[in-house]
Amino acid sequence: VPLQAYGGGLVQAGGSLRLSCAVSGFTFDDYTIGWFRQAPGKEREFVAAIAWSGGSTYYADSVKGRFTISRDNAKKTVYLQMNSLKPDDTAVYYCAAARTSRVVLTAGEYDYWGHGTQVTVSS
């Protein structure tokens, strides 16, 4: 699997977590990286994405102002800093890669997916 997401865990509401997505096996700089999440009984939803250059980012309204996506091309890693977590943020979080220079929001446009990491926010 060319992407590995890690950093999930159990946190209380109001707390923070930082997820990491480590990439291998393809030219990292050519890809936009996105984070998605899926809660039990719900469809997978877009969370955030960052273009290959790092200059363009996009967030779902539900996380805007609380989550920050960033990338370190030298380390081939993308981060998702999650602050002010809410119980509604509980889900399995996935990172994905799309071979494009633009930010993409739909799961179908992504070429590679990693295994998810569980985030649980207790009230």
Counting only DSSP beta bridges fully inside the chain, the antiparallel percentage to nearest 5 is 90
Note, ³J(HN,Hα) from phi for the stretch 52-61, Karplus 6.51, -1.76, 1.60, rounded to Hz, x at Gly and Pro: 4, 7, x, x, 10, 10, 8, 10, 5, 4
Where the convex hull is taken over the Cα atoms of the chain, what is its projected area averaged over directions, in nm²? 6.7
Of F36, F67, F26, the most mobile residue in a GNM of the chain (C-alpha springs, cutoff 10 Å) is F26
Note: S101 to Q12 extended length (0.36 nm per residue) minus current alpha-carbon separation gives 28.4 nm
Taking the stretch 24-123, which GluC sites (Glu not before Pro) meet the DSSP loop condition and have no more than 11 other C-beta atoms within 10 Å? E43
Loop-only trypsin sites (Lys or Arg not before Pro) in the stretch 2-56, please: DSSP not H, G, I, E or B, and at most 13 other Cβ atoms within 10 Å. K42
May I ask you to evaluate 6.51 cos²θ - 1.76 cosθ + 1.60, the Karplus curve with θ = phi - 60°, for each residue of the stretch 41-48 and list the ³J(HN,Hα) values in order in whole Hz, giving x for glycine and proline? x, 10, 7, 5, 10, 5, 10, 6
List the residues, sorted by chain then number, that are 5 or more residues from R66 or on another chain and whose placed amide H is less than 5 Å from its amide H. none
Please give the Cα centre distance for the stretch 1-61 versus the stretch 90-123, rounded to the nearest Å. 5
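Readers should treat all values here as calculations from the given coordinates under stated rules, not as data from a laboratory. From a predicted model like this one, the values you see are computed outputs, not experimental measurements. Note: ideal-geometry Cβ built from the backbone for every residue, glycine included; neighbour counts use all protein chains shown.
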